[in-house]
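Participant: Before we start, here is the structure in question, set down as C-alpha cells.
The values are calculated or read from the model by the stated rules, or taken from the named source; none is laboratory data. Quantities reported herein were computed from a predicted structural model and do not represent experimental measurements. Cβ sites come from the backbone with ideal geometry, for glycine too, and all protein chains shown count toward neighbours. The accessibility values were calculated without ligands, DNA or RNA, using every heavy atom of the protein model including side chains. Shrake-Rupley method; radii C 1.70, N 1.55, O 1.52, S 1.80 Å.
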Amino acid sequence: MRLTADEIRLWQNEKQIISKENKMDNSFRDFFKNNIDFLFILDMEGNIIEINDAVTKILGYSSEDLIGKNVLLVHPPEFRAQAKITVLDMITGKAASCPLPLLAKDDSYVPVETRVYKGIWNSKEALIGVSRNMTDLKLSEEKFSKVFNFAPVLMAISTHSSGVLIDVNQQFLKSTGYTKDEVIGKTSKDLNLFHDYWQRQKALELIAKKGEIRNLEVSVKTKSGELMDCLFSMDNIKIQTHEFLLTSAIDITSIKQAENKISQLFKKQKMMADILMLLNGSTNVDYAIQNILNLILQQNEYSRVYIVQDSPDIDLDPTIMEAYNLRTSGQTKNLLKLNTVATDEWKEKLMKEGVICYKDITALPPDFSKLLRQRGAKSVAYFPLHIQNTYLGYLGIDISNPLIEFTDSELIFDKTITNVLSSALERKNDIQKIKDSELRLKLAIESAREGIWDWNNVTGHVYFSDTWCKMLEYGTGDIKPHVSSWAKLVHPDDLQSVNAELSKHLKGETEYYETVHRILTKSGKWKWILDHGRVVERNHKDQPLRTMGTHIDITDQKHTEELLIEALSTKDKLMSIISHDLRGPISNLLPTLELLTDGVKLEEGKRAKYMLSLKSSALGTMELLDNLMTWSIEQADAIQLTPEPIKISDLIDECVAQTAHMQFQKSITIELRSPKAVKVFADQETTKIVLRNLLSNALKFSPSKDTIIISVRNCGAYAEIEFADNGPGMYKDEIENLFKLVPADEGAQRSSKIGTGLGLYLSKEFTEKNGGKIHVKSEPGKGSKFTFSLPVANSSTSQLSHHISLHRSHNHFQ
C-alpha cells in the first residue's frame, strides 16, 4: 500500500486536527504502520522521531537503531552531503524529490524516490519523509529496456507535446537506416519519417480521444527514401513523473506486397472474367472488342490501347479500334501511318517474339518513334494478333508517363488478352463469312421469291420468314409462330390432302413433302402455293424433331394453267361446233349444186328457190367464218378498241341494210324505235359486230312474215339497245349456256337449231370490253329479248367510268 501526495496532505491536516484536539485516530496509525513506502517522522533538526514497519522489515532497522538518530544515517555515506542539501531544497520548495538511494542495515542500497513535507506530530512541528521503494520499478525498467531494445518491431519513445525522440530501439535503426545519433533529439517531421505527415497528426488526435492507437496503417519513409508499410500503435507511458509517447510499428511491407500481388491477380482474374463475359454476352463483336479495350484502359495506367489491322490477306472492318483516356485524344490517322513505317523486320520480330516492349521509344526506328512522340507516347508495347495462324495485325499499348517499365506479369496478362482478342476477331471473321453466306442465300431465296418455314416438330413452334409473310400480305407480327396458325390458313378443301402428304413424309414414307394448295391471304383472297419441305433432324427413334421447307406463290402459274385448260376446252368445243355447223350448210349445198349442175330441167320458180337456198347457205357459212376470224383475232388480243362518240341509230341502220337478203327471204319486217340524238361512247367496229350478231340471231329464229323490234332507250349514264323477236324462245338451261361456246348436241331442250353460239359469245366479250353488259329474257314459245348497254357519250362521268371499265376489262381478258 503506497501513500500518495494527496494522502500525505490529508494525513497532515488530520494530524493537526488530532493535535489540536489532543487525540490520535487508531485507524490512521494502522495506516501509517502498514504503508509499504518508507515513512520517517523527523524533528526540525532532522532527527528521527518515528518509523513505520516498512523501515524495519525492508531496511532491517529496529526502532532502537534509528529513534533519536539523524535521518542521514539511512543514506549511503557518499550521498549524505547531497542528501542534506536536497532535503533542505525540498523543505524550502526548491526541489520536489530526492532520487538518492537508502542504506539498509546490511549495507545494501535500496533505490527510492524521497519527498519531504512539513507537518505536526504530537502537537509539534515535524518533517515527514516518504521514500517510495523503487526496487520493483528498477527491475521493471531493466526488463522494459531489454524488451524495448531487442523487440523485433520498430519502437520509439518521444515527448508528448513536441514529438522529440528520446529513445529508439535496435529494430528501428535497422529498418530505417539511421544511427542513434541521427535520431535522438529529432522529431519525426525533421526526419520526414511519415510519408504523409497528416498520418501522425491523425494518430495524435486518436490517442487524445481514445488514449491509445492500435494497428493504424501508415507509410514510413527510410533514410534512403524507400517506403515501408507499417501497422502503427501508440500508448501514453509515464516515466517517473513525466509522460511520454511509446510508439511501435510492425513492418508489413512484404505482407502488403503479397496482398497487392493477390489483389492484382484477383483484379486481373476479374478483368479476364469481364472480358469473356463481354465476348460471350454480345452478338456484336465490334462492340464487345471496343468495350474490352476500354476495360483494359480503365484497369491500367495506360494512355491508349488500340488494335491495328496490318494484313492484306484478311479484311476486317473497322481497321482501327482504339480506347484512350481523358488526357489524350483519338489517333486513328497516326495509327494507320504505323502500317506504312513498320518494316518487315519489325513485323517478323513481333511474330517471332510474341511481344515487343519499349520502355523508351527512342530505341525504335526514327519514323516509328516520331509518330509515337506525336501522340505523346513514351513507353509502348505491341502484341501480335492472329486468325487461323495468319498474321492479322497487333494490339498496341501507349504509356505517356515517363519511362514506365512493363512488368513480366503485365506482359503475360496482356499477351493472354491478345490471344482472347485474336479469338474474338476470328469469331468476327467467321460471323462475317456466315453473314455473307446468309446474305447470298437470302438474295437467292428472295430472287426466287421463296418463303422459308422452320418447324420444331416437338414444340409446334414455326419460324416464318419475312418473304413467307409478305407473300400472304401479312406483317411478321400478324401470324402466331405455330403450326396451328398455318393450318388455319390452308383452304378447308385442301387441308386433308395436305396433311396426308405431310404425314407420309414425317413417317419416312417419302423423301420429300410437296403439295400444291390454296392458302388464305390477309385481304381474304386465296393464293395457290407450292409447298416443299423435308425433315432435317430426327431422334434415335426416327421421330421428326425439325422440318424445314419453302413455299412459292404459283397463283399466276395456276391462273395461266386454268386459262390454258379453258382455252384448250374452248378450242375443242369450237372445233366440235364448227365441224357440226359447217357440215349442215355444206350438206345442203352439195345436193342443190348436183341438182342444178346435172342438166335436170327445172321450172324457173324452183330454180330461183334453189338458188336462193344456195345463197342463204353461203351467207350463213360466210357469217360463221367471219365470227371465227373475229374470235381468233380477239383471242390473240390483236383487236385494239378505239372508243368514240357514235350515233347508235346510224350503226343500226347500217346493220339492217347488210341483212336485207335475210329479211327479204323470210319476209320479215324490222321496226326501229330510237331517239335520233342518242350517242354512245364505244368502239365502232366491235359495236357493229354486236349489232350484226344480235340482228342475225333474231332473223334466224323469227318466223316468216314476222316483225323484229329494235329499241334504243337512254337510261342516264347508259343507253340500252334491245332486239325483240317472236321466235321459239329458250329454256332456262339454254339461257345459262347461251353466251358460252357449247356444241349443238349439248342443247337438249332447244326448240329450234341454235347455231354455233360463237356470235353471241363475241357479242358478250365486246359489250363488256366497251364498258357495257348484255343479257336475255326468253321463255319457250314466247320469243326472246336480247339487250346490251353502252355508255352514253354526253356524260363526262360515264366516259371516265367507261375508260376505267375498259382498262379493267382489258386486263381481265388478258
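Participant: Output the qualifying pairs, or none if there are none: Cβ atoms under 7 angstrom, residues six or more apart or on different chains, first residue in the stretch 463-482 and part of a loop (DSSP other than H, G, I, E, B), second residue of a type in the set (S, T, Y) and open to solvent by 80 Å² or more (accessible area, probe 1.4 Å).
Facilitator: What qualifies is P481/Y463.
Participant: Further question: Which numbered condition trips up T547, out of (1) open to solvent by less than 50 Å² (accessible area, probe 1.4 Å); (2) touching a Pro at 6+ places or on another chain (Cβ under 6 Å)?
Facilitator: (2)
Participant: Now for a different question. Looking only at the stretch 756-770, how many residues end up being open to solvent by less than 10 Å² (accessible area, probe 1.4 Å) and outside any helix (DSSP H, G or I)?
Facilitator: Number of matching residues: 1.
Participant: Go through the stretch 722-737 and give me each residue that's part of a helix (DSSP H, G or I) and either in contact with a helix residue (DSSP H, G or I) (Cβ under 6 Å, 6 or more places away or on another chain) or among the aliphatic types (A, V, I, L, M) (or both).
Facilitator: I735
Participant: H386 versus (1) assigned to a helix (DSSP H, G or I); (2) open to solvent by 40 Å² or more (accessible area, probe 1.4 Å); (3) at pLDDT 75 or above: which is the lone unmet condition?
Facilitator: Condition (1) is where H386 drops out.
Participant: Going by the structure shown, is K527 farther than 25 Å from I479 by Cα and not in a loop (DSSP other than H, G, I, E, B)?
Facilitator: No; evaluated as a whole, the condition is false for this residue.
Participant: Return the residues of the stretch 456-495 that are buried (at least 17 other Cβ atoms within 10 Å of the Cβ), in contact with a Pro (Cβ under 9 Å, 6 or more places away or on another chain) and among the aromatic types (F, W, Y); say none if nothing qualifies.
Facilitator: F464
Participant: Okay, moving on. Identify, by number, the condition in (1) farther than 15 Å from G119 by Cβ; (2) modelled with pLDDT of 90 or more; (3) open to solvent by 50 Å² or more (accessible area, probe 1.4 Å); (4) touching a strand residue (DSSP E or B) at 6+ places or on another chain (Cβ under 9 Å) that E64 doesn't meet.
Facilitator: That leaves (4) as the condition not met.
Participant: All but one of (1) out of contact with any Leu (no Cβ under 8 Å at 6 or more places or on another chain); (2) surrounded by fewer than 18 Cβ atoms within 10 Å (Cβ to Cβ) hold for I397; which doesn't?
Facilitator: It fails just one condition, (2).
Participant: Any residue at all in the stretch 136-157 that's under 60 Å from the mean Cα position of the chain (by Cα), within 18 Å of V218 (Cα to Cα) and open to solvent by less than 20 Å² (accessible area, probe 1.4 Å)?
Facilitator: yes
Participant: If I ask for residues that are outside any loop (DSSP other than H, G, I, E, B) and open to solvent by 70 Å² or more (accessible area, probe 1.4 Å), which ones from the stretch 174-186 would you list?
Facilitator: K174, K180, D181
Participant: Oh, and also: Kindly list the number of the only condition in (1) part of a strand (DSSP E or B); (2) under 21 Å from I250 (Cα atoms) that fails for Q171.
Facilitator: For Q171, the exception is condition (1).
Participant: Which of the following residues is at pLDDT below 85 and under 30 Å from H242 (Cβ atoms): S131, S27, S140, S108?
Facilitator: None of the other options fit; the residue is S140.
Participant: Another question about this same structure. Can you tell me which residue within the stretch 682-702, out of those that are under 16 Å from K782 (Cα atoms) and in contact with a Lys or Arg (Cβ under 8 Å, 6 or more places away or on another chain), is surrounded by the most Cβ atoms within 10 Å (Cβ to Cβ)?
Facilitator: It comes out as S702.
Participant: Among the residues of the stretch 84-117, write down those that are within 10 Å of S131 (Cα to Cα), touching a Gly at 6+ places or on another chain (Cβ under 9 Å) and open to solvent by 40 Å² or more (accessible area, probe 1.4 Å).
Facilitator: If the condition is that a residue be within 10 Å of S131 (Cα to Cα), touching a Gly at 6+ places or on another chain (Cβ under 9 Å) and open to solvent by 40 Å² or more (accessible area, probe 1.4 Å), then R115 is the only one that fits.
Participant: Test of understanding: among L443, L338, L403, which residue is closer than 19 Å to R304 by Cα, loosely packed, with under 15 Cβ neighbours inside 10 Å and modelled with pLDDT under 75?
Facilitator: Among L443, L338, L403, only L403 is closer than 19 Å to R304 by Cα, loosely packed, with under 15 Cβ neighbours inside 10 Å and modelled with pLDDT under 75.
Participant: Okay, next question. Which members of the stretch 651-685 meet the condition of being among the charged types (D, E, K, R) and closer than 24 Å to L641 by Cβ?
Facilitator: D653, E654, K679, D683, E685
Participant: Test each condition in (1) touching a strand residue (DSSP E or B) at 6+ places or on another chain (Cβ under 6 Å); (2) without any contact (Cβ under 8 Å) to a residue 60 or more places away in the chain for S503 and report the one that comes out false.
Facilitator: Every listed condition holds for S503 apart from (1).
Participant: Another question about this same structure. For the list (1) modelled with pLDDT of 90 or more; (2) in contact with a Phe, Trp or Tyr (Cβ under 9 Å, 6 or more places away or on another chain); (3) of a type in the set (K, R), I need the number of the one condition that K558 fails.
Facilitator: (1)
Participant: F664 versus (1) touching a residue at least 24 places away in the same chain (Cβ under 8 Å); (2) exposed (fewer than 15 other Cβ atoms within 10 Å of the Cβ); (3) farther than 25 Å from P780 by Cβ: which is the lone unmet condition?
Facilitator: (1)
Participant: Another question about this same structure. Does N714 qualify as being open to solvent by 50 Å² or more (accessible area, probe 1.4 Å), free of Cβ contacts under 8 Å to residues at least 60 places away in the same chain and either acidic (D, E) or in contact with a strand residue (DSSP E or B) (Cβ under 8 Å, 6 or more places away or on another chain) (or both)?
Facilitator: no
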